[in-house]
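**Student:** Dropping a structure here in structure tokens format, bear with me for questions.
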Amino acid sequence: MLKYIKLSTPLFLFILLSSSCGLFQPIEKPDYGDGDDEPKRPQWERPTPSEGTVEKIDTIEWNVVGEENIPEEKEPEENEPKEETLTKIDTTSAEEVAVIEEEKMLKGHYTVVLMLPFLGNQFTSFGPIPEKSKRALEFYEGVKMAMNELQGMGAPMTIYVFDTQYDENVVKSLLNSGSLFQADLIIGPVNKTNCQLVAEFARKNNKVMVSPYNYLSTITEQNPFYVQANPSTQTKFLRVLEYVREIFGTTGIATVLYPANKRAIKARVEEVQMASRIVNQSGNATLREYQFDVTMAQNSPMNVTEFLVAGQDNVVIIPSRDPGFVAYAMRELSPYRESHRITVIGMPQWEDAKFEKMDYNYYENMNLLIGSESYINKANPDVRSFASRYAGEYGTSPTENVFKGYDMMLYFGQMLGEYGVYFPSFLAKNPGEGLHTKFNFQPVYGVGSAGPEGKPVIRRFENNHINILQFSEFRFQRVN
């Protein structure tokens, strides 16, 4: 597990609202008083945006200055830890395969960059915050809570925040401006194209990038600087299938049930098949597949007896995110739930708001299991304590995105401070436990080797922990 770091350099927080707005001045250091009492929290007011500014993304009044004012890296003072000579990154061959040695490279001060779609360009003086901005704002609020704790630990960090606006041109402009070259850690962005752009920048420039939300396994290749916090779809199904195998052994009958004529789902089905082959060590053996076109249901209903086997445990995997298809499939399976002992494995998105109209009796009766990157136990004393502190700061309850921002910033901030700028090589030996999930990052290896010592090629680092949730007593509960 991680040890807390004790360094003396104060932490400052900088905010950058978009590539076109420039760098905001640092927050004034709050007055903590002279005694040992609880630190006094500064009082902030929400300003009215004036011409030439964008409404701030937080409750702090900003002054805009140019991007060119981003400070250069200063030479370490005598009492700061000396930087080691960099010899551990070996870039070889035309493909520029990078290798990270397990060696600390500490610095006296670290720069963290947060790249999220705040959509500050859509803010108005009197209108509500855009709905699409809320995820980024909530994540940032969690980051701020973590930064306060890292400051208490003495972690010497500066954080810059960029608004990507869901726009790849904005991200390209940021990458070309040189604003990210001083970064030691990049958190974000969100959507696929922007993740790919920043991942390639990180790979070429030896910058560690943490992807907080992306779950695709195809963002980057041969990139040991890319850290995927949200496990891939394959990993989610792999962990759930391992759990099911522990319960049923090898006697269960498993079928993948999915919509016909949907090209996008085929890749997901293949990830399910790959997860099954890994669990069963079955080489090329595959699960049975059953496709069904819901638009033809009126004339030709689904015949579930074509793939269910009476008197045995039947595992039905439905890798669909379409509420209409899921509702139809569950309704057709429901009459057979007892005679065929059905367990359904679904998608983590089945927790989302668009599934709110689902008849949860189907969830309850079908022993529904999903693999989720997040589970917040509100009865956990640590969760309740954090929620209380957050409510005192923001006057409301924290969302899942707040917990994610807090956990990731705290975990990766500690890793950065303790192991230095190439901390990914230490991730596997340093699992962590956050409020919304556990962290168990492992390297995902590619084909071949790299470097003079022929080290395995690392495609990425990925969180291997999945929260296996079962729908029981009309709510999702973690069972692992």
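Values in this text are rule-based calculations from the coordinates and carry no lab data. Just so you know, these numbers come straight off a predicted model, no measurement behind them. Cβ sites come from the backbone with ideal geometry, for glycine too, and all protein chains shown count toward neighbours.
**Student:** Taking the Cα centre of segment 233-372 as origin and charging only Cβ (+1 Lys, Arg; -1 Asp, Glu), how large is the dipole, in debye to the nearest 20?
**Tutor:** I would put it at about 320 debye.
**Student:** Compute the Cα gyration tensor for segment 288-348, then decide on rounded, prolate or oblate, letting a ≥ b ≥ c be the square roots of its eigenvalues: rounded whenever a/c is under 1.5, prolate when a/b is larger than b/c in the other cases, and oblate in all that remain.
**Tutor:** Values: a/c = 1.85, a/b = 1.28, b/c = 1.45.
Oblate shape, in that a/c is at least 1.5 and b/c is the bigger or equal ratio.
**Student:** Same structure, new question: Take Asn169 and Ser339, extend 7 Å from each Cα along the Cα→Cβ direction, and tell me the distance between the two endpoints in nm.
**Tutor:** 6.1
**Student:** Beyond 22 Å, what share of the Cα-Cα pairs of segment 233-372 is found? Please give it as a whole percent.
**Tutor:** Details: 3280 of 9730 pairs.
Tail of P(r) above 22 Å: 34 percent of Cα pairs.
**Student:** For Val344, which sequence-distant residues (separation of 5 or more, or a different chain) have an amide H within less than 5 Å of its own amide H, given hydrogens modelled in the peptide plane?
**Tutor:** Distant-sequence amide H within range of Val344: Val316, Leu368, Leu369.
**Student:** Going down the list Lys134/Lys236; Lys357/Lys438; Lys236/Lys438; Lys172/Lys192; Lys236/Lys266, which pairs span over 23 Å between their C-alpha atoms?
**Tutor:** Over 23 Å Cα-Cα: Lys134/Lys236; Lys357/Lys438.
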